[in-house]
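Here is the structure we will look at.
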Ligand SMILES: N[C@@H](CCC(=O)N[C@@H](CS)C(=O)NCC(=O)O)C(=O)O
């Protein structure tokens, strides 16, 4: 059994999708980041950086192990199940490359673009332009890659796609509203999103909700 600590945000949804894809038994624990539950002593013991997602896997030869950082969790679950990440070689390297690109670039930049466009109490033109421009650049990089590849790292659906999908869906909706010309340019991302949206595990992971 895996304890899964999460909230209804893109980084949380990555792990929800992966757990569903792998068919692992898990129990979800809501950490309401709007109520600062990520800072409670009990959660910080599991996730010292005070961010979701985190897991505790109780079924390991070494006893229970807790893991935070979405990329580390995705790699861990892929290795545990032998799924969505090649065991060695070029296919593994490419998947890890695009996974790293997601966590180091796409997540932070799209997150800041969303924050300064829709959450910040004041409209700061410089920050809005900086992060919106960088988000658009990253989407163009992704689109170019998907023009020549079925999935982000090549022919196989993998943990890099799982990491990207929950970030791209809300960004796509916001971009379609603010800059419809850009989404029309990015038809390879549109095709990739429709393919991935048809997976039952993705539907389950994306629809995870908590009652207040
Ligand atoms: N690099 C981390 C980022 C995790 C992250 O930013 N989580 C957000 C929700 S999507 C969070 O917990 N925010 C609460 C806070 O910043 O206080 C990962 O990939 O897991």
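Each value in this text was obtained by applying a stated rule to the coordinates, not by laboratory testing. Treat the numbers as computed from the prediction; the structure is a model and nothing was measured. Here the Cβ positions follow ideal geometry from the backbone for every residue, glycine too, while neighbour counts run over all protein chains shown.
What does region 103-189 give for Rg and for Dmax, in Å, if only its C-alpha atoms count?
13.3, 44
As a test of the formula, what do you get for the chain when each DSSP H run with n ≥ 4 contributes -39,500 (n - 2.57) and the sum is divided by the residue count, at 222 nm and rounded to the nearest 500 deg cm²/dmol?
That comes out to -17500 deg cm²/dmol.
Of 140, 123, 27, which is the most mobile in a GNM of the chain whose springs link Cα atoms less than 10 angstrom apart?
So, out of 140, 123, 27, the one fluctuating most is 123.
Counting only C-alpha contacts under 8 Å and six or more residues apart, can you give the relative contact order of the chain as a whole percent?
Details: 273 pairs, mean separation 53.7, N = 212.
Relative contact order for the chain comes out at 25 percent.
In nm, to one decimal, how far is the residue 182 label point from the residue 62 one, both placed 7 Å along Cα→Cβ?
4.1 nm
Mean separation of Cα pairs under 8 Å and 6+ residues apart, divided by the residue count of region 2-83: what relative contact order is that in percent?
34 percent
In whole percent, what relative contact order does region 60-133 give with Cα contacts below 8 Å and a gap of six or more residues? Before the final figure, lay out the partial values.
Numbers: 28 pairs, mean separation 14.3, N = 74.
About 19 percent, as a whole number.
Run the quick spin-label model on residue 42 and residue 100: label points 7 Å from Cα toward the beta carbon, then report their separation in nm to one decimal.
Computed distance between label sites residue 42 and residue 100 equals 3.7 nm.
If we count other beta carbons within 10 Å of each Cβ, what is the order of 32, 3, 155, fewest first?
Details: 32 13, 3 16, 155 9.
By the 10 Å Cβ count, ascending, the order reads 155, 32, 3.
For the chain, just say rounded, prolate or oblate: build the C-alpha gyration tensor, square-root its eigenvalues into a ≥ b ≥ c, call rounded for a/c under 1.5, and beyond that prolate if a/b exceeds b/c, oblate if not.
oblate
Could you list 103, 141 so that the one with the fewest beta carbons within 10 Å of its beta carbon is first and the one with the most is last?
Working: 103 20, 141 12.
Exposure proxy ranking, most exposed first: 141, 103.
Sorted from fewest to most neighbouring beta carbons within 10 Å, what does the list 94, 177 look like? Mind dumping the intermediate values first?
Working: 94 18, 177 9.
Ascending number of Cβ neighbours within 10 Å: 177, 94.
Can you give me the C-alpha center-to-center distance between region 11-45 and region 126-193, rounded to a whole angstrom?
25 Å
Let me know the shape class of region 52-115, please: from the alpha-carbon gyration tensor, a ≥ b ≥ c as square roots of the eigenvalues, rounded when a/c is under 1.5, otherwise prolate if a/b is greater than b/c, or oblate.
Numbers: a/c = 3.77, a/b = 1.31, b/c = 2.88.
Oblate shape, in that a/c is at least 1.5 and b/c is the bigger or equal ratio.
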